[in-house]
1. What is the number of the single condition among (1) crowded, with 19+ Cβ neighbours inside 10 Å; (2) modelled with pLDDT of 85 or more that residue 480 does not meet?
2. Cβ-Cβ under 8 Å, sequence separation 6+ or interchain: first residue in the range 409-424 and assigned to a loop (DSSP other than H, G, I, E, B) and of a type in the set (Val, Ile, Thr), partner open to solvent by less than 40 Å² (accessible area, probe 1.4 Å) and at pLDDT 90 or above. Which pairs?
3. Among the residues of the range 361-380 satisfying the criterion of being more than 24 Å from residue 434 (Cβ to Cβ) and touching a residue at least 60 places away in the same chain (Cβ under 8 Å), which is most open to solvent (accessible area, probe 1.4 Å)?
4. Go through the range 19-109 and tell me which strands (runs of 3 or more DSSP E), entirely inside it, have 2 or more residues that are closer than 17 Å to residue 155 by Cα, of a type outside the set (Phe, Trp, Tyr) and out of contact with any Pro (no Cβ under 6 Å at 6 or more places or on another chain).
5. Look at residue 289 and say whether it is surrounded by fewer than 24 Cβ atoms within 10 Å (Cβ to Cβ) and either farther than 26 Å from residue 71 by Cα or modelled with pLDDT of 95 or more (or both).
6. Would you please name the residue that is modelled with the lowest pLDDT, looking only at residues in the range 328-340 that are buried (at least 20 other Cβ atoms within 10 Å of the Cβ) and in contact with an Asp or Glu (Cβ under 8 Å, 6 or more places away or on another chain)?
7. Does residue 321 satisfy the criteria of being modelled with pLDDT under 90 and either within 22 Å of residue 171 (Cα to Cα) or of a type in the set (D, E, K, R) (or both)?
8. Quickly run through the range 352-397 and pick out the residues that are within 30 Å of residue 122 (Cα to Cα) and part of a helix (DSSP H, G or I).
Amino acid sequence: MTHDSDLAAKVDSLAGVRLLCVGDAMLDRFVYGTVDRISPEAPVPVLRIQRETAMLGGAGNVVRNLVALGAEACFISVIGRDAAGRELTGLVAEEAGVESHLLTIPGRETTIKVRYVAGAQQLLRADRENVDAVDAGVEEDLISRAVADLDLSSALVLSDYGKGLLSKAGLAQLIGAAREKGRPVIVDPKGSDYSRYRGATVITPNRRELSEASGMPVDSVEAIVSAARHIIDAAGIESVLVTRSQDGMTYVGGDPDAEPLHFQAAAREVFDVSGAGDTVVAVLAAALGRGLPMTHGIELANAAAGIVVGKMGTAVAYASELAATFRAHDLLQGEIKVAGADIVAKWAKEWRERGLRVGFTNGCFDLLHPGHVSLMRQAKAACDKLVVGLNSDASVARLKGPTRPVQSEAARAAVLASLATVDAVAIFSEDTPLELIRTIRPDVLVKGADYTVETVVGADFVQSCGGKVVLAQLEDGHSTTATIARMNAGK
């Protein structure tokens, strides 16, 4: 496998690559609320709705993931002339770097998936969709637009959700045009007839989809490999990447003498698998479009999938998150915890959506000592997820003098991230963490008892948002300044 720091550089290289994505657009709507009683009308829970969100789903989520990587996309699909279609069009317009061709078909319903969620539990999904094949004229228009864009794009993504967008003949035209121009073709397949994708570079079925398409069992690694080889031979596809949920991924190439490759799942916490397949397709396509080897693309896609399944709803993996995953592994050989303020703020938002309390504390943490450990322990006791704001090297020097810090910000962040009580570390360059606090919006703000609530930076803001301030007890005789003085005295 590739060295983590090399993979981090590969993530950075994906910025600016252009992909053509043709597939079924849909609107993913999430209705969140609480359940505290059973309906008297039927034995079902009553969801008291608190908020609703909508985001791009289906092929649109592939596009969202491409944009999150810093890539560009041409998105070609169809929508209905309805409110959902207009909402979907608006959501696409908000994605930077996307050229969209959403053809409106009168009388056709825009596909909507509505998920009802209580706390961390999805109660129900309700779909509104039209799976009729589009007429020949619309398909011809779609194909002509796509073929024209292949001159500008580095790879073709076919995100097939079985909603009637492309016929077998239409797929053959697209795949043939892409291969003629030397573009890799990445397919998220649907249905039982994978000969529809003949000529594709790689398809990405999950275990169940592979079984349905091959008519073979997939209850072991050996069975999965056999089913994948059957698909390669029968459908004329170059390779198959099978996503196996918590068991990782298996890649089977076209060479029958080559050993299949197995990739261990990267997720440390599975919260919601919605859209994880879209993430895999997007990251793999971006990597192949950039010219990276297949194995590198799969390693990146595997790590990205591990990020999104720990998030709420149809989520994406941002390039900074993905790169930080590998850089954190290099430094800590562990989970990702160190990230920029914008990413940590997204984590905090996702944690709150799961009903978790987000805590915050900050400092220079130049030499970690028992006092710091005690502070972290008390801070974590007051919340569910603890974010630590860390002064940058320049900030520490301004506050503590030219001889500080003793350790670099990277080293200090690594030590903090190794603590089980710490869930995220964000480095800030200002003298105070006020802007970081405003960005993260913690529910609990924790500082040492040598402060008063009135003197804690950010206290007014946190309290105005309904949060609270906690003053942690101090460990006598433990401070970084005292520790350094004792070290110098011993010289």
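The values are calculated or read from the model by the stated rules, or taken from the named source; none is laboratory data. This is a predicted model, so every value here is computed, not measured. Methodologically, a virtual Cβ is constructed for each residue, glycine included, from the backbone with ideal geometry; neighbour enumeration extends over all protein chains shown. Side chains are part of the model used for accessible areas, which takes the heavy atoms of the whole protein and leaves out ligands, DNA and RNA. Shrake-Rupley method; radii C 1.70, N 1.55, O 1.52, S 1.80 Å.
1. Every listed condition holds for residue 480 apart from (2).
2. 421/376; 421/379; 421/386; 422/376; 422/386; 422/388; 422/416
3. Ranking the qualifying residues of the range 361-380, first place goes to 370.
4. 72-80, 98-105
5. Working: surrounded by fewer than 24 Cβ atoms within 10 Å (Cβ to Cβ): no; either farther than 26 Å from residue 71 by Cα or modelled with pLDDT of 95 or more (or both): yes.
Judged against the criteria, residue 289 is not a match.
6. 328
7. On the way: modelled with pLDDT under 90: yes; either within 22 Å of residue 171 (Cα to Cα) or of a type in the set (D, E, K, R) (or both): yes.
When the stated conditions are applied, residue 321 passes them.
8. Matches in the range 352-397: 352, 353, 380, 381.
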